[in-house]
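*Asks:* Below is a structure I'd like to ask you about.
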Amino acid sequence: MSKMNVKKSLLIQKEAKDIFKYLNDFHNWPQWSPWLIADPNTSLNIDSDGKFYYWEGAVTGSGDMRVLNERKNKSLSCDLNFYKPWKSRAKVDFYLEEKDGGTEVTWTMQSSLPWFLFWMKKSRRKVQRLYLQKYNSRNTTKGLFRSFSCIYCFG
């Protein structure tokens, strides 16, 4: 299977503890998630502890996300499952590293291409994979900048 990996970083002028507290609660995600913002009518069901949520929407499809591991003020690892429009899984990680001037936040996503793209010729598959990585990379960049804004406003 062809893999897709996205990695984006941003220096946020806040302490790691403030950023971690904000990222580590899915109740905060509708304020900055590029996918939830793209589909504001998405139905969300977030567990009371903020560690699991399920969504369903016209644009976003349906799926769930769960916090698997947390290293306080250092990292957050999540499992992301898509059910519609196609089944897929991804591993999402956030890494926080304190630096001069703030905290560097790195957002990574590792996944495989959807099954229906594999009928394409090998050369076209590479082009499609690069397009999807660029698309997801653009959304992770938007998400990081929105989280940056929200952390300043609400954090």
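*Asks:* I'd like to check which strands (runs of 3 or more DSSP E) are fully inside region 2-91 and have at least 2 residues that are surrounded by fewer than 14 Cβ atoms within 10 Å (Cβ to Cβ) and free of Cβ contacts under 8 Å to residues at least 40 places away in the same chain.
*Replies:* Once the strands (runs of 3 or more DSSP E) in region 2-91 are filtered for at least 2 residues that are surrounded by fewer than 14 Cβ atoms within 10 Å (Cβ to Cβ) and free of Cβ contacts under 8 Å to residues at least 40 places away in the same chain, what remains is 43-46, 61-71.
*Asks:* Moving on to the next point. Scan region 1-37 for residues that are more than 16 Å from TYR95 (Cα to Cα) and in contact with a strand residue (DSSP E or B) (Cβ under 9 Å, 6 or more places away or on another chain) and report the count.
*Replies:* Filtering region 1-37 down to residues more than 16 Å from TYR95 (Cα to Cα) leaves 1-4, 26-37.
Applying the additional criterion that residues be in contact with a strand residue (DSSP E or B) (Cβ under 9 Å, 6 or more places away or on another chain) yields 1-4, 26-27, 29-30, 35-36.
Qualifying residue count for the region: 10.
*Asks:* Something else now. So, of the residues in region 47-73 that are touching a strand residue (DSSP E or B) at 6+ places or on another chain (Cβ under 8 Å) and of a type in the set (A, V, I, L, M, F, W, C), which turns out to be nearest to PHE20 (Cα to Cα)?
*Replies:* VAL67
Throughout, read-outs are computed from the coordinates displayed, never taken from laboratory work. These figures come from a predicted structure and were not determined experimentally. Here Cβ is always computed from backbone atoms with ideal geometry, including for glycine, and neighbour counts include all displayed protein chains.
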